[in-house]
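Report on the structure given below.
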Amino acid sequence: MTIEANLRAKNKKIPDSGARVLEVLKALSKQPLSSAEILSLLEEKSNKVFRKEIVPKYLNTIKLLGIKISKHKNKYYLDKSISCIDFSKTDLSILKFIEKYATALKLRTLDENLDKTLQVIEKNFSKQTEDLYKNTTIRAYYTKKVISAKNDNLQKFEKYCKDGLKIELTYKLDKNLPEQIYKISPIKILYKKGNAVLIAYDCINNVYKEFIIDFITHSQQSPQKNSRDFTNSVTFKLKDRLAKSYILKEGEKILEYGKDYIVVSNRKEDRDMLTRRLARYFDKCEVLYPQDMRQKMIDYINSIEKLYQ
């Protein structure tokens, strides 16, 4: 059921346009959006096609409610969250600890991401929390400096990803298994279930692989540059209305335009995340290639079906 139908069922006095304005506000409270993304959202939620002129009208309606919206680099932002954050002195001291701990780790990307996150949090403080933060001495909840040996290892692999050079690594996932040697193109580092994971392209087997960094026993950089044109991208078909409104994500391009479909290539997205995202498109999406990704999607859908048997 679309949000419009859901709202109408609960309160027949709410018009369709009012429901759509609330949907835009709800989406903006989660993340910044461009005009095209807002339009795509409206069409996805209501199963209708809208003219682009409707976006500024809806944004102006939100502003009439006293909610400030700003625009930066073609994206619309809520200047302040609808629900403000109330923190106690202990909450603020924990924030201080997180900030100190991130500094101790000396990971540039973590510092940058955390700084942006803290800025958003502080921007949405309630008046009471703002006064507490300004007028009270807040000390870190826990100040012991923690630097483990593996942090240097993380920095090394972050540098590998940034340099864009191929590397040879030795990997031993289990003490009972022999070591394996891989020649890879490193892409990025993700964190899964408490592990730092290197996402890389296996240049020999032509597949994407995940390597838990703690299990990498040796690595050596080669002078060869990554082509960044990995042949084993994930290709999927989008159909009907979704094909017309779909907004390409980073690392995606359209390979084929059809009358009522498009074929998209995705080269960068983590496969677990991509599987979950594509599953949300239901029968409007079909994974075409590679075969192991088609099987991954089948297994994921089957695992969901088992929950309801």
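Readers should treat all values here as calculations from the given coordinates under stated rules, not as data from a laboratory. Quick caveat, the model's predicted, so the values are computed rather than measured. Reconstructed Cβ throughout: ideal geometry from the backbone, glycine too, with neighbour counts over all protein chains shown.
Less than 5 angstrom separates the built amide H of F87 from those of S126, T129, all sequence-distant by 5 or more or on a different chain. For the stretch 168-207, what class follows from the C-alpha gyration tensor (a ≥ b ≥ c being the square roots of its eigenvalues): rounded when a/c is under 1.5, otherwise prolate if a/b is larger than b/c, else oblate? The shape class here is oblate. Between Y257 and I121, the simple label model (points 7 Å from Cα in the Cβ direction) yields a spacing of 4.6 nm. Here's how it looks for L255: its modeled amide H is under 5 Å from those of V263, V264, S265, which are all 5 or more places away or on a different chain.
Once the piece of chain linking D202 and Q31 is laid out straight, how much longer is it, given 0.36 nm per residue of separation minus the C-alpha distance between them?
58.2 nm
Sorting the segments 268-274, 215-221 by their mean number of nearby beta carbons within 10 angstrom, highest to lowest, gives 268-274, 215-221.
Under the convention that each Lys and Arg Cβ holds +1 and each Asp and Glu Cβ holds -1, the size of the dipole of the stretch 186-309 around its Cα centre is about 320 debye. Estimated from the Cβ-Cβ distance and a Förster radius of 35 angstrom, the FRET efficiency linking K57 and Y191 is about 0.25.
Among the listed pairs K68/K268; K96/K192; K166/K239; K166/K296; K48/K193; K159/K237, a Cα-Cα separation exceeding 31 Å is found for K68/K268; K166/K239; K48/K193; K159/K237.
Bridging of K75 to lysines at a Cα separation below 22 Å is possible for K26, K30, K45, K52, K57, K63, K116, K123, K244, K249, K253, once same-chain residues fewer than 8 apart are set aside.
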